[in-house]
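Undergrad: Dumping the structure here so I can ask a few things about it.
The values are calculated or read from the model by the stated rules, or taken from the named source; none is laboratory data. All values reported here derive from a predicted model rather than from experimental measurement. Note: accessible area is taken over every heavy atom of the protein model, side chains too, but ligands, DNA and RNA are not part of it. Shrake-Rupley method; radii C 1.70, N 1.55, O 1.52, S 1.80 Å.
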Amino acid sequence: MRIVLVVVLVAVLVGVAGWAMQRRLIYLPDTSGPPAAATVLPGAEDVLLTTSDGLELGAWFVPGRAPDGPGAGFTVLLAPGNGGNRLGRADTAAELAAAGFSTLLIDYRGYGGNPGSPTEEGLAADAHAALDHLRSRADVDSTRLLYFGESLGCAVVAALAVGDPPAGMLLRSPFTDLAAVARHHYPFVPTSLLHDEFPVTELVARIDVPVTVVYGTSDTIVPPSQSAEVASAAVNPAERLELPGLGHNDPPMFGTPVVEALSRLAESVRGSG
C-alpha cells in the first residue's frame with residue numbers, strides 16, 4: 001500500500017510540475033536581440049510588427065535577389081519553430097533570396113529581444129501582425145504569398161491560413177497537435193491540462209490551398225508518423241517530401257531540400273494561374 005501511495009504521489013507531483021512549467025518546456029526562446037538585418041543579409045531591413053494587443057515585434061524583411069528565379073514575385077512568411085531567434089534562420093532566408101523569394105523572417109513575442117511571453121493566442125496575434133505588414137508593403141504582391149512553418153510554426157501558419165489563406169503553404173516537420181507530441185516526450189504528464197492546443201491536423205483539413213509537407217524520416221522530436229498524418233489531412237496536397245535519414249534539426253532541414261520544395265510549390269501556384 002505504501003508503495004502504491006508513493007507512486008501515486010510521485011505521479012501527482014510530476015503532473016503538477018508539468019502543468020506549472022509546461023510553457024517553459026514548449027517555448028525555448030533565444031531572448032537576445034539580433035544585430036541589424038543589413039549586417040547579416042545584404043539588402044535586408046529591420047521592420048516592426050504591431051500586434052492587436054499592442055506589442056511591437058522586431059522582424060527582418062529579406063528581398064529576393066534572383067528576378068528570374070523560381071521564387072521571383074513570391075513572398076514567404078516564415079514562422080519559425082519553438083527555439084532560437086531569427087538570426088538562426090539567416091541562412092535559410094539567404095537561400096530563399098537566392099531562389100528569388102522575398103521573406104519576412106519573424107520572431108514571436110518573447111523571442112529575439114521582443115516583449116511579451118509566448119502563448120498559442122499570442123503567436124496567432126504575432127502571425128496576423130506579420131501578414132498585416134506584408135499586405136501594407138508596395139513591394140509585396142498579396143496574391144503571391146506563401147506561408148512556411150517550421151515545426152511549431154506549422155501550427156502558427158495553419159491557424160493563420162484558415163482565415164487568411166495564402167497562395168500556398170509549406171509545413172516542415174509538423175506535429176498533429178500539441179498533446180500528441182507532448183505525450184511522445186512526456187508520457188507521465190497529463191496532456192488534458194495543456195494550456196495550448198495547436199491542432200495542426202484539424203486546421204490543415206480546413207484549408208483549401210496547395211500544401212507541401214516536408215519531414216525527415218529520422219526525426220526524434222516530431223515523430224515522422226505525425227508529419228505523415230498531417231500530409232494526409234491536406235485537402236489540396238501539392239507534395240509530400242520525406243527526407244531519408246534526416247532528423248528534426250539537421251542542417252538540410254533548414255536548407256536546399258526545403259527551399260527546392262518551396263520552389264516547386266511556387267511553380268505549381270504560378271502554373272495554376
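Undergrad: With a 1.4 Å probe and all protein chains left in place, how much of the accessible area of segment 63-173 comes from carbon and sulfur atoms, in whole percent? If you can, show how the numbers build up before the last one.
TA: Details: 1540 of 3230 Å².
Carbon and sulfur atoms account for 48 percent of the accessible area of segment 63-173.
Undergrad: Classify segment 220-260 from the C-alpha gyration tensor, please: rounded if a/c falls under 1.5, else prolate or oblate depending on whether a/b exceeds b/c.
TA: Here segment 220-260 falls in the oblate category.
Undergrad: Can you tell me the relative contact order of segment 73-182? Whole percent, Cα pairs under 8 Å, sequence separation 6 or more.
TA: Values: 170 pairs, mean separation 35.1, N = 110.
It rounds to 32 percent for segment 73-182.
Undergrad: Taking a probe of 1.4 Å, how large is the accessible area per residue of the chain, in Å²?
TA: Accessible area per residue: 43 Å².
Undergrad: Still on this model: Spelling out what I want: for every residue of segment 242-249, take phi, set θ = phi - 60°, compute 6.51 cos²θ - 1.76 cosθ + 1.60 (Karplus), and round to whole Hz; glycine and proline get x.
TA: Whole-Hz 3J(HN,Hα) from phi for segment 242-249: 8, 9, x, x, 9, x, 4, 10.
Undergrad: Work out which helices of the chain, taken as complete DSSP H runs, extend at least 30 Å along their axis over the Cα atoms and score a mean Kyte-Doolittle of 0.0 or more, then list them.
TA: Span-like helices, by this rule, are 2-26.
Undergrad: Test of understanding: what is the full-extension gain from Glu197 to Glu260, defined as 0.36 nm times their sequence separation minus their Cα-Cα distance?
TA: Roughly 19.6 nm would be gained on extension.
Undergrad: With viscosity set to 0.692 mPa s at 37 °C, what whole-number translational diffusion coefficient in µm²/s follows for the chain from Stokes-Einstein and a Kirkwood radius over Cα pairs?
TA: Calculated translational D: 173 µm²/s.
Undergrad: Can you give me the Cα centroid spacing of segment 135-177 and segment 193-237 in angstrom?
TA: 13 Å
Undergrad: Next question. Of the residues Val214, Val181, Val76, which exhibits the maximal mean-square fluctuation in a Gaussian network model of the chain defined by a 10 Å Cα contact cut-off?
TA: Of the options given, Val181 has the highest mean-square fluctuation.
Undergrad: Moving on to the next point. Would you kindly derive the ³J(HN,Hα) couplings of segment 209-220 from the backbone phi angles with the Karplus curve 6.51 cos²θ - 1.76 cosθ + 1.60 (θ = phi - 60°), listing them in order in whole Hz, with x for Gly and Pro?
TA: The phi angles translate into 10, x, 10, 10, 10, 10, 7, x, 6, 10, 5, 9 Hz.
Undergrad: Here's another thing I want to ask about it. In units of 2.2 N^0.38 Å, what is the alpha-carbon radius of gyration of segment 138-248?
TA: 1.07
Undergrad: Please state the relative contact order of the chain as a whole percent: Cα pairs under 8 Å, 6+ residues apart? Provide the component values of the computation, followed by the final result.
TA: Details: 573 pairs, mean separation 45.0, N = 273.
This gives 16 percent for the chain.
Undergrad: For every helix of n ≥ 4 consecutive DSSP H residues, a contribution of -39,500 (n - 2.57) applies; sum these over the chain, divide by its total residues, and give [θ] at 222 nm rounded to the nearest 500 deg cm²/dmol.
TA: Result for the chain, helices only: -12000 deg cm²/dmol.
Undergrad: Here is a further query. Residue by residue through segment 35-45, what is 3J(HN,Hα) from phi via Karplus (6.51 cos²θ - 1.76 cosθ + 1.60, θ = phi - 60°)? Round to whole Hz and write x for glycine and proline.
TA: x, 4, 4, 5, 7, 10, 10, x, x, 6, 10
Undergrad: Remind me, relative contact order of segment 184-273 in percent, using alpha carbon pairs under 8 angstrom and six or more residues apart?
TA: 30 percent
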